[in-house]
Amino acid sequence: MISRATLPLHQSAGPSLLFSDYHTHPQGHRLQPYTQALLQPWADSARELGLRDIAFTDHDRYYAGVNFDEIDRLREKNPNLKIRAGIELDNDPIHSAAGRKWIEQHWNRLDFVLGSVHFLNRADQMFDSVPAGAEQFEGRDIDAIYTDYFRRIREMAATGLVDCLAHLDLVKIHGHRPNAEIAAIVGETLDFVGSQDLAVELSTAGWRKPINELYPADRIIELALEKQIPFTTASDAHSHVQLGDNFPRLARKMSILKIREVCVFEKHKRNVRVVWAI
Ligand SMILES: [Zn+2]
Ligand SMILES: [Zn+2]
């Protein structure tokens, strides 16, 4: 039940109070080298939405398109917007070894690294591709898939190369639910995330997918809150028109779950920002 008392009045429509989007893909789904023509529309969209802090986090397999000098030029042209240089590292069995190496080489120019699990047992297909990836779940033990997925998340968290975990319960994307309590499945992973001092994102992308649910689920957010794991806010936009997607709805959800702070990153250093004081 939404309590009016805890809901900022201007959260009902229009721009939200949320000011940061830490999961964006300027290159979309193919290699597109960074230019001002590619990046400026993202800064323009941010301004229109009232966002003050955004991170570019293209997939690591497109690292060759990331150009730190172009990001610096964009920063100079948009002094009122914090623009973070980032990347989304995943567990691609074919490409992510090169991605890891690139991250190590460019660690000091990167502000922020997202860690993701997009691959289960197939090297040639992301399990989260819609609808094709759903085949990977057919006839399988869903609890075993969940257990395997979260083991891979812990492996990603253990690399020492990530600041935050993306779409933490992406494994639910096609609507498959485990029989076991989610707390029993995810507990060890949240403990490990906490011990590594990593953040977790609140991603509105799940509302665009068959599952139609925030990543992660409310119960996981509650467990993360108990363990004092910090959050970023994220859209996983693959086009500048998706930037800040569903942020008013996310702000309402955060109000209900009593999340009043989000974190931002500069050269991997985490800072906490208060979204609203109640
Ligand atoms: Zn992802
Ligand atoms: Zn992404």
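Since every read-out is calculated from the coordinates, none of them should be taken as a lab result. Quantities reported herein were computed from a predicted structural model and do not represent experimental measurements. Here the Cβ is made from the backbone with ideal geometry for all residues, glycine too, and neighbour counts use every protein chain on show.
On a C-alpha basis, how far is the centre of segment 48-92 from the centre of segment 188-226 in Å? Whole number, if you could? Measuring centre to centre over Cα atoms gives 23 Å.
The GNM of the chain, with springs linking C-alpha atoms under 10 angstrom apart, assigns the highest mean-square fluctuation among PRO178, PRO230, PRO79 to PRO79. Protection proxy ranking of 52-64, 80-92, by the mean of other Cβ atoms within 10 Å over each peptide's residues and highest first, is 52-64, 80-92.
The peptide list 101-113, 234-246, put in order of mean Cβ contacts within 10 Å with the highest first, becomes 234-246, 101-113. A convex hull fitted around the alpha carbon atoms of segment 115-213 yields 95 Å³ per residue. Stretching ILE256 away from GLU155 to a fully extended chain increases their span by 33.2 nm, per 0.36 nm per residue minus the current alpha-carbon distance. With R₀ fixed at 30 Å, the C-beta to C-beta distance from LEU225 to PHE68 puts the FRET efficiency at about 0.30.
Taken about its Cα centre, the chain carries a charge dipole of about 760 debye when Lys and Arg each add +1 at the Cβ and Asp and Glu each add -1 at the Cβ.
Reported value for the chain: 123 Å³ per residue, from the convex hull of its C-alpha atoms. Each peptide among 150-163, 128-141 gets the average number of other Cβ atoms lying within 10 Å of its residues, and from highest to lowest they stand as 150-163, 128-141.
Residues with beta-carbon under 9 Å from that of ALA234, excluding ALA234: net charge, scoring Lys, Arg +1 and Asp, Glu -1? Let's see the in-between values first.
Working: positive: none; negative: ASP21, GLU201, ASP236.
Residues close to ALA234 contribute a combined charge of -3.
With a simple spin-label model that places each label point 7 Å from the Cα along the Cα-to-Cβ direction, the separation between GLU48 and ASP218 comes to 3.2 nm. If I model a spin label at LEU31 and ALA180 as a point 7 Å from the Cα along the Cα→Cβ vector, what separation in nanometres do I get? Modelled inter-label distance: 4.1 nm. Per residue, the average separation of C-alpha pairs within less than 8 Å and at least 6 apart gives the chain a relative contact order of 23 percent.
Using the Cβ-Cβ distance between ARG122 and HIS268 with R0 = 45 Å, the FRET efficiency computed as 1/(1 + (r/R0)^6) comes to roughly 0.90.
Between ARG140 and ARG100, what length comes free when the chain is fully extended (0.36 nm per residue of separation minus the Cα-Cα distance, one decimal in nm)? Display every interim value, and only then the final one.
Details: separation 40, 0.36 × 40 = 14.40 nm, distance 3.08 nm.
That pair, ARG140 and ARG100, stretches by 11.3 nm at full extension.
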